[in-house]
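Notes to accompany the following structure.
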Amino acid sequence: MSKQELLKEIIELLNEYGSPTSINPSVLEFLEESDLVEIKKSLIQSKEHHLDDKQWLDSFKKVL
């Protein structure tokens, strides 16, 4: 996977959290592909953790 594709996926993951986000593509000069892969993994793990927390909190909602 290319750096550009990884950056696009990272931006898509970030945009799932709220308002639209953009990242200047010039950062690709300073980051290795492995750095981008780790960022993507971290975002996916964070998203999974967030979903687990939401499910846990939803379990306490009262039925009205």
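The values are calculated or read from the model by the stated rules, or taken from the named source; none is laboratory data. What you see is a predicted model; the values in this text were computed from it and never measured. As a convention, Cβ positions derive from the backbone with ideal geometry for all residues, glycine included, and neighbour counts pool all protein chains shown. These accessible areas exclude ligands, DNA and RNA; they are computed on the full protein's heavy atoms, side chains included. Shrake-Rupley method; radii C 1.70, N 1.55, O 1.52, S 1.80 Å.
In table form, for the structure just shown:
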read-out	value
Helix-only CD estimate at 222 nm, as mean residue ellipticity for the chain, using -39500 (n - 2.57) per DSSP H run (n ≥ 4)	-21000 deg cm²/dmol
Local net charge near residue 31, Cβ-Cβ under 15 Å (Lys/Arg +1, Asp/Glu -1)	-3
Highest-MSF residue in the chain out of 42, 26, 34 [GNM, Cα springs under 10 Å]	26
11 Å beta-carbon shell around residue 1, net charge (K/R +1, D/E -1)	0
30, 60, reordered so the largest accessible area comes first (probe 1.4 Å)	30, 60
In the chain, lysine pairs closer than 26 Å at Cα, eight or more apart or cross-chain	11
Most fluctuating residue given options 39, 23, 11, as computed from a GNM of the chain linking Cα atoms under 10 Å	23
Scattering profile of the chain at q = 0.14, 0.15 Å⁻¹ [log10 I(q)/I(0), Debye over alpha-carbon scatterers]	-0.50, -0.55
